[in-house]
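Worksheet for the structure shown next.
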Amino acid sequence: MKRRNFLLGSAAMAGVQGVLAQPAAPAAITRDGMRPQFPSGVQSGDPLADRALLWTRSDRPARMWVEWSSTAGFANPQRVRGPHLLEDSDFVGRLDLAGLPAGQEIFYRVLLQDLHNERVFSEPMSGHLRLPAARQARDIRFVWSGDTAGQGWGINEAWGGMKIYEQMRKQRPDFFLHSGDTIYADGPIAKEVKLGDDSVWTNVVTEEVSKVAETLNEFRGRYRYNLMDANVRRMAAEVPQIWQWDDHEVTNNWSDSKDLAADKRYTEKNVPLLAARATRAFMEYAPLRHGDDRERERVYRQLPQGPLLDMFVIDMRSYRGPNSTNLQPVEGPDTQFMGRPQLAWLLDGLKRSKSVWKVIAADMPLGLQVPDGKDGQGRALWEAVANGDDGKPLGREMEFAWLLREIKRANIRNVVWLTADVHYTAAHYYNPARAGFSDFLPFWEFVSGPLNAGGFGPNGIDKTFGLEVIYQKAPPAANTPPTAGMQFFGQVDIDARTRAMTVTLKDLEGAALYTKTLAPQRG
């Protein structure tokens, strides 16, 4: 597959009315001798055929301006006035840039206009993105992974920082899918961590990451921290992103049953209040397109990427009931995981999709056992879908039994699941011939991660949906440091001629560990 060269780029946000006159030439100095700065760089996200979301952050009150062109030389550039960037949003600005030439490469420059002196502008920060095809099929490449800066493994500049982000950028993908745990709000980062060989891992540390996040500023500070890394900023500027979230954006394994009473690290024990602050920070910093006023904080969404690919980003966190033994025989509030409205939305979107491949981006795996301790009677509690019982669907499994059955009834083919969460990499085949519940079409699930976090696994498997481990690679011990190389991402290539999807699991050095090519099936 022939790949093109990318320039560094940022992201845009749609719905802005009108192309306005070019801002006045910058003055020589500002009130404090500096022009406005970009402390967190630029990002782009949620690309569609004719629009993309652009994101930036200022170091002071400012207005965001964007200039864009479909050529690198900025022939006939279009200039768009963006929003004000103020203290109440941590100086974050977002612009959903619509009406772009479908399927084209977009080159853009972001400027910040100082609101203390409107004659003063920042130096421009340049970005680039490539919009998905509208009608004509073309080769697609994207990468995915999750779990950034967890278990105290932060930015170690002596080691090269979060190097796996640079490795993903080098693949020149059309976009990057971040499969959740975009931060670790519950994982303090210390200045030094002693390694097993008596060497020392040295972290960059800020006040906000030195403790668990409780205040809105501390949650925001986690995102600001990750964007301090040069690798993260470089990829964010060059590659559009599609984000979802999981638990660590709030606190470990959070659900309605989460109780922080015994956790001395937290002075704020109110989990719903922590979740509200965490949600605000995530919505500010994630380069995702916000929903309408009916559910503005909605994370699940459909992002068509042309005739070969439809992306369905689901939310396995916001609507779940309490983590429990997960063995209930009848559906109810305690078995809810995605929730019926989201399940209906997903099934309807899959039925309507005209794309060859339908990728379901999940923040947790379906058939791996993800434990959440034990209850007062010593019974296992579960964080994800599986419950350790290989028989008929129980608890949260019932939602997915319904979904998989309906996919079969509608004869929807070429559905692939991608996920992260468990901090190792694997290829799973779900085989109805070996399942406790068999009324579904066989499908593949691919797992990758982490991104500069501790390595774990492998997890136990649940055979209710016939999970077969075809490949897996995991570290020999829990919380293996990034220096051991057990950091993983996945790469997906779709060939425009054959329409085949090739999934490759890769490591920190970009080496291919496992490759599977899937031929499209007719529905």
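Classify region 369-523 as rounded, prolate or oblate from the Cα gyration tensor: take a ≥ b ≥ c as the square roots of its eigenvalues, call it rounded if a/c is under 1.5, otherwise prolate when a/b beats b/c and oblate if not.
Here region 369-523 falls in the oblate category.
Counting heavy atoms of the protein chains only and a 1.4 Å probe, report the per residue accessible area for the chain as a whole number of Å².
39 Å²
Using 1/(1 + (r/R0)^6) with R0 = 60 angstrom and r between the beta carbons of Gln78 and Asn217, what's the FRET efficiency to the nearest 0.05?
My answer for the efficiency is 0.95.
Does region 102-189 classify as rounded, prolate or oblate by the C-alpha gyration tensor (a ≥ b ≥ c root eigenvalues; a/c under 1.5 gives rounded; else a/b over b/c gives prolate, otherwise oblate)?
It is oblate, given that a/c is not under 1.5 and a/b is not larger than b/c.
Could you tell me the calculated FRET efficiency between Lys194 and Glu509, based on Cβ-Cβ distance and R0 = 22 angstrom, to the nearest 0.05?
E between Lys194 and Glu509, to the nearest 0.05, is 0.35.
Which net charge results for the neighbourhood of Leu505, defined as the other residues with beta-carbon distances under 11 angstrom from its beta-carbon, given Lys and Arg at +1 and Asp and Glu at -1?
The answer is +2.
Please report the carbon-and-sulfur percent of the accessible area for the chain; probe 1.4 Å, protein heavy atoms only, DNA, RNA and ligands left out.
C and S fraction of accessible area: 48 percent.
In whole Hz, what ³J(HN,Hα) sequence does region 383-399 give by Karplus (6.51, -1.76, 1.60; θ = phi - 60°), x for Gly and Pro?
Coupling constants for region 383-399: 8, 10, 7, 5, 10, x, 9, 7, x, 5, x, 9, x, 5, 4, 5, 4 Hz.
Over region 269-319, what portion of Cα pair distances is larger than 13 Å, expressed as a whole percent?
Percentage above 13 Å: 68.
Where does the charge balance sit around Leu288 when Lys and Arg score +1, Asp and Glu -1, over other residues with C-beta under 15 Å from its C-beta?
-2
Taking the Cβ-Cβ separation of Thr71 and Ala102 as r and a Förster radius of 22 Å, what is the calculated FRET efficiency to the nearest 0.05?
For R0 = 22 Å, the calculated efficiency reads 0.90.
Between region 390-467 and region 135-207, what is the C-alpha centre distance in whole Å?
25 Å
Would you mind checking Lys170/Lys408; Lys358/Lys506; Lys269/Lys392; Lys269/Lys473; Lys170/Lys516; Lys354/Lys473 for any pair whose Cα atoms are more than 32 angstrom apart?
Lys170/Lys408; Lys269/Lys392; Lys269/Lys473; Lys354/Lys473
If each of Glu297 and Ala158 carries a label point 7 Å out from its Cα toward its Cβ, how far apart are those two points in nm?
Between Glu297 and Ala158, the label points sit 4.1 nm apart.
Counting DSSP beta bridges with both partners in the chain, what percentage is antiparallel, nearest 5?
75 percent
How charged is the neighbourhood of Thr419? Take every other residue with its Cβ under 9 Å from the Cβ of Thr419, and add Lys/Arg as +1 and Asp/Glu as -1.
-3
Please compute the Kirkwood hydrodynamic radius of region 477-523 from all pairs of different C-alpha atoms, in Å with one decimal.
12.4 Å
What distance in nm separates the two pseudo spin-label positions at Lys269 and Gln377, each 7 Å out from Cα along the beta-carbon direction?
Each label point lies 7 Å from its Cα, and together they span 2.5 nm.
Report the per residue volume, in Å³, of the convex hull enclosing the C-alpha atoms of region 195-272.
160 Å³
Taking a point 7 angstrom from the Cα of Ala496 along the C-beta vector, which residues in region 136-170 have backbone N less than 19 Å away?
Hits in region 136-170 for Ala496 at 19 Å: 136-143.
On each of the three principal axes of the Cα atoms of the chain, give max minus min coordinate, whole Å, ordered largest first.
The principal-axis extents, from largest down, are 71, 55, 47 Å.
Could you check the spin-label model distance between Glu87 and Ile412? Points 7 Å from the Cα along Cα→Cβ, value in nm.
4.7 nm
Could you point to the residue in Ala275, Pro365, Gly376 farthest towards the positive end of the chain's charge dipole, with +1 and -1 charges on the Cβ of Lys/Arg and Asp/Glu respectively?
In the chain, that residue is Pro365.
The values are calculated or read from the model by the stated rules, or taken from the named source; none is laboratory data. Quick caveat: nothing in here was measured; it's all calculated off a predicted structure. Cβ coordinates were reconstructed from backbone atoms using ideal geometry, including for glycine residues, and neighbour counts include every protein chain displayed. Quick note on the areas: whole protein, heavy atoms, side chains included, nothing else; ligands and nucleic acids left out. Shrake-Rupley method; radii C 1.70, N 1.55, O 1.52, S 1.80 Å.
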